[in-house]
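All remarks here apply to the structure that follows.
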Amino acid sequence: MTTLKTSRFTLIETEVQIALNTFATDVREGLLSTPKTLSCRHFYDQRGSELFEAICKLPEYYLTRAETEIITDHAEDIAALFEEPVSLLELGSGSAVKTQLIIKALLARQPNLLFATIDISQSALEESALELLQAHKDLEFIGVAAPYEVGLAHLQREISEPRLALWLGSSVGNFHPDEAIPFLRKIASALSGEADRLLIGMDLHKDRQILERAYDDSKGITAAFNLNLLYRINRELGGRFDLTRFVHRTTYDENLGRVEMHLVSLVAQTVSIDDLELQIDFAAGETIHTENSHLPWGAHLGSLWAHFGDHF
Ligand code: AVI
């Protein structure tokens, strides 16, 4: 573990994070499997993170706007849930407007605030720290560059109760419900204090048209975000994907209750990835499945409450 500390800023890089730089391994496994897949967690290199920021500002991508409205209306009520000064913890890097609304509401009730955030990307943590520390002089920032589970275990020891954890943006939707429940259990056991709370953003069912537009916008930004995975393979692994021979496709699967993103090969082709010494064959119309965004959380809320009602 490496720790970098100045007066209001601590950055912790865990060994597990270093070991988890698995882009090459995941690309090999995903493109050799049937059907072909690439994990959505590899979207977020520098360019991918910029494109995601742009997606969040699109008129079609209602999620960010809806969540910001809810938090704007309720930030003070959320802060008022705590009788004592609280520490804030976020899964994902907390530079966004939504986090700042909560920070402001908490700082209106307590003299200073410890804000800890877990993100796999060290550069996202550094950018977030810069923005937040400049905006709030009474804030102390701890960034943990780690997968969520590792970061949570670490912060559970380091940060005393009461804690308010944020998991926003419907990120839980990128998990299959079978994976989400065990992960939520881990969060619950890390935040086991009587006064600890979790604020989580979950999307609900919408009309097919609204959903498909949200993930296939008219400016083509989501398409660029999806195709960036192939650019990333070209840049980082010596891939030879011709980007004019793949297109972005979004479908809403009503039975599975999820929006799927795919990259479709327009022609039969073989693509080399030099650094991996791989040749990948694609049939015309064959897809690489890159992301699921699950929506049936409305239906699951009852059972979630039964599991976690005592904690959240
Ligand atoms: C980060 N995650 C919750 C987004 C989502 O809606 O699934 C990622 C995204 N993919 C396409 N647009 C946005």
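The values are calculated or read from the model by the stated rules, or taken from the named source; none is laboratory data. All of these numbers come straight from a predicted model, not from anything done at the bench. Virtual Cβ from ideal backbone geometry, glycine too; neighbours counted across all protein chains shown. Remember, those area values only see protein heavy atoms, side chains included, never the ligands or the DNA or RNA. Shrake-Rupley method; radii C 1.70, N 1.55, O 1.52, S 1.80 Å.
Structure notes:
- Assessment of the range 48-64 against the conditions (within 17 Å of the chain's Cα centre (by Cα) and either assigned to a loop (DSSP other than H, G, I, E, B) or away from the ligand (no atom under 15 Å from the Cβ) (or both)) yields at least one matching residue.
- Flag if Arg249 is within 16 Å of the ligand (Cβ to nearest atom), not in a loop (DSSP other than H, G, I, E, B) and not hydrophobic (A, V, I, L, M, F, W, C): yes
- Test set (1) closer than 21 Å to Ser39 by Cα; (2) open to solvent by less than 50 Å² (accessible area, probe 1.4 Å); (3) within 16 Å of the ligand (Cβ to nearest atom) - Ile120 fails condition number: (2)
- Within the range 32-47, considering residues that are surrounded by 15 or more Cβ atoms within 10 Å (Cβ to Cβ) and of a type in the set (Lys, Arg), the one farthest from the ligand (Cβ to nearest atom): Lys36
- Scanning the range 205-220 for residues being open to solvent by 70 Å² or more (accessible area, probe 1.4 Å), within 13 Å of the ligand (Cβ to nearest atom) and modelled with pLDDT under 95 gives a total of 0.
- Here Ala223 qualifies as hydrophobic (A, V, I, L, M, F, W, C), modelled with pLDDT of 95 or more and not in a strand (DSSP E or B).
- Residues satisfying the stated conditions in the range 252-271, i.e. touching a residue at least 24 places away in the same chain (Cβ under 8 Å) and among the charged types (D, E, K, R): Glu254, Arg258, Glu260
- Residue in the range 172-189 that is more than 13 Å from the ligand (Cβ to nearest atom), in contact (Cβ under 8 Å) with a residue 40 or more places away in the chain, over 15 Å from the mean Cα position of the chain (by Cα) and open to solvent by 50 Å² or more (accessible area, probe 1.4 Å) present: yes
- From Asp26, Asp77, residue being modelled with pLDDT of 95 or more, out of contact with any Lys or Arg (no Cβ under 9 Å at 6 or more places or on another chain) and of a type in the set (Asp, Glu): Asp77
- Qualifying residue in the range 276-288 (condition: within 16 Å of the ligand (Cβ to nearest atom) and of a type in the set (D, E, K, R)): no
- Qualifying residue in the range 231-243 (condition: away from the ligand (no atom under 11 Å from the Cβ), of a type in the set (D, E, K, R) and within 20 Å of the chain's Cα centre (by Cα)): yes
- From the list Val97, Val86, the one residue that fits, being open to solvent by 20 Å² or more (accessible area, probe 1.4 Å), more than 13 Å from the ligand (Cβ to nearest atom), within 25 Å of Leu155 (Cβ to Cβ) and among the hydrophobic types (A, V, I, L, M, F, W, C), is Val97.
- Lone qualifier among Ala80, Ala75 - being touching a residue at least 24 places away in the same chain (Cβ under 8 Å), surrounded by fewer than 15 Cβ atoms within 10 Å (Cβ to Cβ) and either of a type in the set (Gly, Ala, Ser) or more than 21 Å from Asp196 (Cα to Cα) (or both): Ala80
Residues are listed down the side, and each one gets a yes or a no for (1) over 21 Å from Ser49 (Cβ atoms); (2) assigned to a helix (DSSP H, G or I); (3) not aromatic (Phe, Trp, Tyr):
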residue: Thr99; (1), (2), (3): no, yes, yes
residue: Ala116; (1), (2), (3): no, no, yes
residue: Glu126; (1), (2), (3): no, yes, yes
residue: Glu131; (1), (2), (3): no, yes, yes
residue: Gln134; (1), (2), (3): no, yes, yes
residue: Arg157; (1), (2), (3): yes, yes, yes
residue: Leu164; (1), (2), (3): yes, no, yes
residue: Gly193; (1), (2), (3): yes, no, yes
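- Residues being open to solvent by 20 Å² or more (accessible area, probe 1.4 Å) and outside any strand (DSSP E or B) - total across the range 253-280: 9
- Filter pass, Ile200 being away from the ligand (no atom under 16 Å from the Cβ) and either open to solvent by 10 Å² or more (accessible area, probe 1.4 Å) or under 18 Å from the mean Cα position of the chain (by Cα) (or both): no
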